[in-house]
Structures are given as structure tokens and as C-alpha cells.
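Participant: Below is one structure. I have some questions about it.
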Amino acid sequence: ILRQEFGAGLTDKDVHIIDPFTGTGTFMVRLLQSGLISPEDLKRKYKGELHANEIVLLAYYIAAINIEETFHTLTKDAAKKSAYLPFEGIVLTDTFQLGEGASKLDGAFPENNKRAARQNSIDIRVVVGNPPYSAQQESENDGNKNLKYPHLDDRIRRSYADKSSATLVKNLYDSYIRAIRWASDRVKDRGIVCYVTNGSFIDANNMDGLRASLVDEFSSVYVFNLRGDARTSGEQRRMEKGNVFGEGTRTPVAMTVLVKNPNKTVPGKLFYHDIGDYLSREEKLKIISDFASAKSVPWRTVAPNESHDWINQRDPAFDAFVALGNKSDASEKTIFETYSQGILTARDTWAYGFSRGGVAEKMGRMIAFYNEQVAGFKKYESKLPVVKAPERLKRVEGFIDTDAKKISWTGNLKMDVARGHSYELSLEKIVPATYRPFAKQFLYYDRKFNERVYQMPKIFPTPETENMVICVTGRGAKKDFSALITDTIPDYELVSKGQCFPLYHYGAVNDAADETDEASSTEDMFQTAPAETEQSRKDNITDETLEKFQAVYTQSNGKDITKADIFFYIYGVLHSPEYKKRFENDLKKVIPRIPFASDFWTFSRAGRALAHWHLGYETVEPYPLTQAGELDLGDHPHYEVQKMQWGKIGKEVDKSTIVYNSKVRLGGIPDEAHNYIVNGKSALEWVMERYQVTVDTKDSGIRNNPNEWAKEANDPAYILNLIKRVVRVSIETVTIVKSLPPLNEIQL
């Protein structure tokens, strides 16, 4: 590509190459061994035109040794008595800090500082390597805050973030995205960047600004998608299959070549190749090896659309439908006045549980420990000079005990320590919530111990509030689109990254809180919520929406349409196989938009019937499964589960049978029961997965036992009957969905 674009290859003089994240020097070793650099030019390149950076001291020394040993092995025959020649192109540095102008280490590394200064003064023409992947620390208990790079992050803000339509762009500061921005600037107006990276940027919603910038800034963009995304599920997971880096890597992988050629005046061209479906790691590596060169790859030219989609481009017809909601454009007429994500606790193991008493015990224990930390910090800080809030927060970071068996820290809770806020356990805040499809748990519903509550206090202001919400898969989800209705507080992952559209809301809404969650941050949610009365309850479907639907369907009893009819119509449409298939790409990237189907009433009645089964799943008549084994009526131990499993016929899995426990087997499960898929799994699989005894062995050691739910409800057979009921719900759902008519949307 160098020769093709610039008439100069790797051997040519003054073509400086850098691996800015060299690790143990693998790339430089392979480059020297490849033969791409001619023997007569090898010494010149080695001495002055090859560069590598590494921040970890041990890796730095290993890289230097590996590169030097490779060079001397290649040149020993040409110079039998050649003196040892160190690799002076390697620098012990944080590459991003080097770009900030902060390249100097302490006085013990004067030679290293000279190398860094020299590297900064050189025009780099080729940047190549495998940048680190890291968007943020996994847990606030980890205490390993990401570093900030003011200049580099400002460049991201003024390019990738500015061009993005996403409201949440924190992943644009992932290390590999920073590496792309750094390299794009480092080659200035002429050069090549070649990275092996996380491949999520190819299609992720919040990476649209990055995709737009790459096509704008580079004359040619080559993307080889190696797939391997282990965070998907179902058929998509099977299609992604092997990861080229092995099972330890869960992210998709891509090889990307970015070319800046100032002599090209035409807009940047995008060349794309997908390695294919259902391929193992070994099969993918063989394909790459067989290609051998970029010239051999069957690149497909892609024209990005206006939304900066490269693949899985959206259907233009979708834009003509009515949006369920839109918080980024207040001027757009939407069906619902407001909507909200589900509860995001950031400490599910502590805040959720099958036992009300268990949630009270563990949250009480955590809150007591938190209060001890507040008191201790006050005493500690009283002996120190007064500082401003940012410095105080740093003091908190250094002071607090991060033992995961005692507490689960979040950013907000650490700030509360800095503010000196103490809290008390409130048993009234322990309420039922829908945690996963057809799996309820108790939730400690408290703004201070749920990292994000969004608009939920206006949707479910009290535990007894009557409401219904349609939860749909949100942007950034790795699972196929789903919709599920609930009448209790929904979790953020009830359906993945869920956005929830209620039939009613109570009191004034503040959609800005969905992003900051700071509204009424010091207030108790239940105390400040309006009293649940007919006067405080407001329809969430707008009057304009009702008028529009009545006008569109005037020929088919449109005047009889109510807001409840529209609500259930939406639920029916969201289950339409045609709708989900035709607009699959749109539903992965934006809030659903609803067409005016030609048969309003069939969809509305279907949606109402689906809601009946999905809301009433705990009380519907159990499906008559066969039952092998004896159960003593009313005897809790006989009904208890540890972990349910599918039956087996020989070595083959038998999904017509569930081994409930050592005493009981349930059989006769119809095939149709497995066809109701919600949030990436069948409804039956969700019940089997969630209703098992779990222990958080990694962090807190907390045990969660679903049998406690049945005991506290004084219903020993709850879980056993839940299996039978969800089988019935699944069969009824599949029957209704199959009966849905074509959309045949009305063109307005």
C-alpha cells in the first residue's frame, strides 16, 4: 500500500515506522524477519528509522532484547565480527503522554529522554500495532482510574464526539480509539496507520462520529472485519464464532489500514471485507495467512449513508414512521411524552435478591460500613488543609477501604463520602422489581444506592403504583431486538440496555435526568414523589398522537381509538416478525419508530392479548407437563432447586424435558415453547438460568437463593409452577405472533 500510494516502500530512506504499543516487540521482530526490508537497507532502518514505545518496564526490556537478537541473527553472516548494536529506537514512555509533551522520565533515564525527544522531532510515516483496549475500569472497587490526556481527549472531542449523534460518548475515550486519534495526528497529512483493534467501531451506534471522521480525514480506509464478538448471543454468537486472539478475548477484532495521501482530491474511499460466518479461530487465521497481502483481499467498496453506517445500513422507510420518543430533538412529535431506561444499580449483587430479608441484611451491612467510612474520612481530613472538591475526591480514593466483601463502590457513592453524607437503611425501599424476563427479585430502590434511576421515580413513584411499561432493546445492545411489558420496576437489562415507555407518568418529568441523574439527588424518591392520585397521574401518550391515530384510521372506527388501544397496538407491532426483520438494522441503532399499519385493530387486540400473558405469567393456568418423581405437598425442601438442566437422551440434549431437581423431572415441553425468544434467549431458558442458587465468588461472596422467594411468598411450588406457566405463556405468544397480519403500512 505504501508503494501504491506514495511510490515508496518499507525499504526506502526516511520512511519512519513506529509501533507505539510494542509490548514485547513482536511486530518489529516479525517485520525484521519478513524480508520486506532488503538486507542492504536493514542496518539503516534498524539504526534510525524503526521506532517502538512501551510503558511497562519489563516488557520494554524484553522487547529491546527480542528486537536486538533478531537483528543480530539476520546480520551475523554479513558481518562475522559485527559489534553489538543496541536498538536505540525503543523508548520507555506512555505514547499518549509523549503526544502531550510530557515525555521525560526522572533523571535516572537521561538516554531515554533523548530518544523520546528525537522521536518527537521525526516525521513518522507508518504507525502500526495492536493498541490496548480499555474504555474504563471494571469496578470502582478496583481503584485503577484511567489516565487523562487533555490534548488528545480534546482532539477526540472536537472530531469524533462532535460528529456523533450519540448522547453518551464515553467509549470514544477507549484506549484503542485514543490510539487511532493519536496516530491520525502523528502522521500529519501523509502516511499510513495500520492497527489490529477492537472491531466494535465498525457498527457501534456511538462510533458514528469516528466512522465519519475516518472517511473525512483519510483518502482510503481499508477494514478487514475478523468478527469473534463473544458478547453477542443466540444465532449471532454462533455466526461470530472464533476470535483470532483465542477464547480469552471477548471483543470482535478488526484489521484497519488508514491512508492519508494529500495528492488525492476525491472524497475518502472505504474498502471493506468481512471474513465470514461460523468460522473457528484456526479457519480465520488460515484465511488471513492465505491472503498474505492486502492485494489479495477481495475488498468491497462501501458508500456510507447519511447516518455514517458502514454495514447494516438502515431502511430509509423507517424515518417516515412516528418515533416512540426522542430526547435529542424536542421539536419532533413523538408518541410518548417521556421514557426512561431501567434501573441501573451498578451493584446488582447487593441491591437485588430473591429474599426481602436478605436484601435488608446485606444492604444494611453495606450502609453501616459506608457510614463508618464517612466518619473515618471526616476524622482523617480534619487534620489536613482544606482543599477543593476535586482534591477532596482524590483524598477519598486514597482513604476508603475497597474490600468487595464489605461494599460496592460507585463514583456517586465516593462523592457522597467527600460530601460527608451518611444514610440509613429503609425497609420501605425494598420492593419487587422485574430483573430479567419472567424473573422478579427484590430491589433496594434508592437513588443513593442505585447509580442511575433515570425517570423511574416518575413512572413508579411508590411500590404500589399501577402502571405498565413497554421495555425495548436500547442502543448499544448486543442482542436482537425485543420488547417486553412489565407492571413493576424494570432493570436496565430486563431487555438489553432497555428503554421503557410507560402508559402513565406521575408529576412533571425531567428528561435531562436521564443523562445526569442529578435531579433531586439529595431527596428520597418516595418522599418527593407526588401522591398517587387520579389528579397526579398523566397519560404518557400525547393528545396529538391520539388525534393523529384517530384521523388516520377514520375509515375503521378511528374515533373509537383510545390511548390504551394505541399502547397495545404498539406492543403488537413490536412483536411483528415482519417489522423486526425489515427494520432490524434500524432497531439496533435508534429508538423504535411505529408505522401506521393498515389493520390497526388486529395489532391492537394482539398487543392486548400478549400483554395479558406477559403480565400475568405468575397466575395463568400452568401448562400440563408430565411430572416424574414425588413431591410432598407443602414440603419446601422437595420443591427446592439448585440448578435446573435439560434432560438428555444418550449424549444428546433433550429440550422436551427439564431435570428440576434430584427428585423431579418435567416432561412433554412442546417445541413451540422454545420459539418465544426475548432478550436473546427463550423465555424458558431465562427461568432456568435465573432460578438457580448463585454465589458471587469473584467479589462479594454473596449468595442468592431463588428458593427464598418461594418461602417468603409461602408458595413452595412457585418455581415448579413458574416453569409450567412460562411454557403456556410461550406457546400462547408464538400463536399470537404467527397470527399477526402484514404491516401494509399506510403512506401519509
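All of the numbers you see were taken from the coordinates with simple rules; none came from a lab. Just so we're clear, the structure is a prediction, and the values are computed from it rather than from any experiment. Glycine gets a Cβ as well: all are built from the backbone with ideal geometry, and neighbour counts include every protein chain shown.
Participant: For residue 56 and residue 598, calculate 0.36 nm times their separation in residues minus their Cα-Cα distance, and state this gained length in nm to one decimal.
Facilitator: Numbers: separation 542, 0.36 × 542 = 195.12 nm, distance 6.37 nm.
Residue separation times 0.36 nm, minus the Cα-Cα distance, leaves 188.8 nm.
Participant: Rounded to two decimal places and with Rh computed the Kirkwood way over Cα pairs, what is Rg over Rh for region 562-608? Don't skip to the answer; put the middle values down first.
Facilitator: Details: Rg = 10.6 Å, Rh = 10.8 Å.
Rg/Rh: 0.98.
Participant: In addition: At a Förster distance of 45 Å, what's the computed FRET efficiency of residue 72 paired with residue 133, Cβ-Cβ distance as r, to 0.05? Please list the in-between numbers first.
Facilitator: Details: r = 33 Å, r/R0 = 0.74.
Here the calculated transfer efficiency is 0.85.
Participant: Where both residues lie in the chain, what percent of DSSP beta bridges are antiparallel, nearest 5?
Facilitator: Numbers: 57 of 79 bridges.
Rounded to the nearest five, the antiparallel share is 70 percent.
Participant: Within region 592-607, which residues have the backbone N less than 16 Å from the label spot 7 Å out from residue 542 along Cα→beta-carbon, could you tell me?
Facilitator: 592-595
Participant: Restricting to Cα pairs below 8 Å that are 6+ residues apart, what does the relative contact order work out to for the chain? Please round to a whole percent.
Facilitator: Values: 1357 pairs, mean separation 72.2, N = 748.
Over the chain, the number comes to 10 percent.
Participant: For the peptides 616-622, 19-25, what is the packing order when you average, over each peptide's residues, the other Cβ atoms within 10 Å and list the highest mean first?
Facilitator: Working: 616-622: 13.6, 19-25: 23.7.
Averaged packing, sorted descending, gives the order 19-25, 616-622.
Participant: Taking the mean number of other Cβ atoms within 10 Å as a proxy for protection, how do you rank 322-335, 363-376 from highest to lowest?
Facilitator: Values: 322-335: 15.3, 363-376: 17.1.
Descending packing order for the listed peptides: 363-376, 322-335.
Participant: Another question about this same structure. Hey, with R₀ at 25 Å, roughly what FRET efficiency would residue 245 and residue 154 work out to, going by the Cβ-Cβ distance, to 0.05?
Facilitator: Details: r = 32 Å, r/R0 = 1.26.
FRET efficiency, residue 245 to residue 154: 0.20.
Participant: What is the total of Lys pairs in region 571-655 with C-alpha atoms under 17 Å apart, excluding same-chain pairs fewer than 8 positions apart? Please list the in-between numbers first.
Facilitator: On the way: 580/588; 580/589; 581/589; 643/655.
For region 571-655, the number of qualifying lysine pairs is 4.
Participant: Still on this structure, I have one more. Using the 2.2 N^0.38 Å rule of thumb for compact globular proteins, work out how region 1-129 stacks up: its C-alpha Rg over that value, please.
Facilitator: Numbers: Rg = 14.5 Å, N = 129, 2.2 N^0.38 = 13.9 Å.
Dividing the Cα radius of gyration by 2.2 N^0.38 Å gives 1.04.
Participant: Give the span of region 626-738's Cα atoms along each principal axis, as three whole-Å numbers ordered largest to smallest.
Facilitator: 43, 36, 33
Participant: Still on this model: Let me check against my output: what whole-number percent is the relative contact order of region 1-129, with C-alpha pairs under 8 Å and at least 6 apart? It would help to have the intermediate numbers written out before the result.
Facilitator: Details: 174 pairs, mean separation 41.7, N = 129.
Computed value for region 1-129: 32 percent relative contact order.
Participant: Out of the trypsin sites (Lys or Arg not before Pro) in region 373-459, which ones are loop residues according to DSSP with at most 14 other C-beta atoms within 10 Å? Mind dumping the intermediate values first?
Facilitator: On the way: sites: 378, 379, 383, 388, 392, 394, 395, 405, 406, 414, 419, 429, 440, 447, 448, 452, 458; in loops: 383, 388, 405, 406, 447, 448.
Taking region 373-459 and a limit of 14 other Cβ atoms within 10 Å, the loop trypsin sites (Lys or Arg not before Pro) found are 383, 388, 405.
Participant: I would also like to ask the following. State, to one decimal in nm, how far the label point of residue 147 lies from the label point of residue 188, with both points 7 Å from Cα in the Cβ direction.
Facilitator: So the label points at residue 147 and residue 188 sit 2.5 nm apart.
Participant: How long are the three semi-axes of the equivalent ellipsoid for region 404-512, computed from the Cα gyration tensor as the root of 5 times each eigenvalue, in whole Å, largest first?
Facilitator: Working: eigenvalues 125, 59, 42 Å².
Value: 25, 17, 15 Å, ordered largest first.
Participant: Please report the equivalent ellipsoid semi-axes of the chain, computed as sqrt(5 x eigenvalue) of the Cα gyration tensor, largest first, in whole Å. Don't skip to the answer; put the middle values down first.
Facilitator: Values: eigenvalues 510, 207, 157 Å².
One finds semi-axes of 51, 32, 28 Å for the chain.
Participant: Between residue 1 and residue 97, what is the label-point separation in nm under the 7 Å Cα-to-beta-carbon projection?
Facilitator: Each label point lies 7 Å from its Cα, and together they span 3.0 nm.
Participant: While we're on this one: Which order do the peptides 539-547, 34-42, 169-177, 46-54 come out in when sorted by mean C-beta neighbours inside 10 angstrom, highest first? Working shown, then result.
Facilitator: On the way: 539-547: 16.7, 34-42: 13.3, 169-177: 19.9, 46-54: 22.2.
The densest-packed peptide leads the list: 46-54, 169-177, 539-547, 34-42.
Participant: Report, in deg cm²/dmol and to the nearest 500, the calculated mean residue ellipticity at 222 nm for the chain, where each DSSP H run with n ≥ 4 adds -39500 (n - 2.57) and the sum is divided by the residue count.
Facilitator: Mean residue ellipticity at 222 nm (helix-derived): -9500 deg cm²/dmol.
Participant: Percent relative contact order of region 626-738, based on C-alpha pairs within less than 8 angstrom and at least six residues apart?
Facilitator: The normalised contact order for region 626-738 reaches 27 percent.
Participant: I'd like the per residue volume of the convex hull spanned by the Cα atoms of region 287-360, given in cubic angstrom. Please list the in-between numbers first.
Facilitator: Working: hull volume 19.0 nm³, N = 74.
Dividing the Cα hull volume of region 287-360 by its residues yields 257 Å³.
Participant: Same structure again: Going 7 Å from the Cα of residue 626 toward and past its Cβ, which residues in region 699-740 have a backbone nitrogen under 15 Å from where you end up?
Facilitator: none
Participant: On to the next question. Quick check on region 217-371: what does the Kirkwood estimate of hydrodynamic radius come out to from the alpha carbon pairs, in Å? Could you put the intermediate results ahead of the total?
Facilitator: Details: mean 1/r = 0.0483 Å⁻¹.
With all distinct Cα pairs of region 217-371 included, I get 20.7 Å.
Participant: Continuing with this model, one more query. Report the label-to-label distance for residue 306 and residue 692 in nanometres (one decimal), using points 7 Å from each Cα along the Cα→Cβ vector.
Facilitator: For residue 306 paired with residue 692, the spin-label model returns 4.8 nm.
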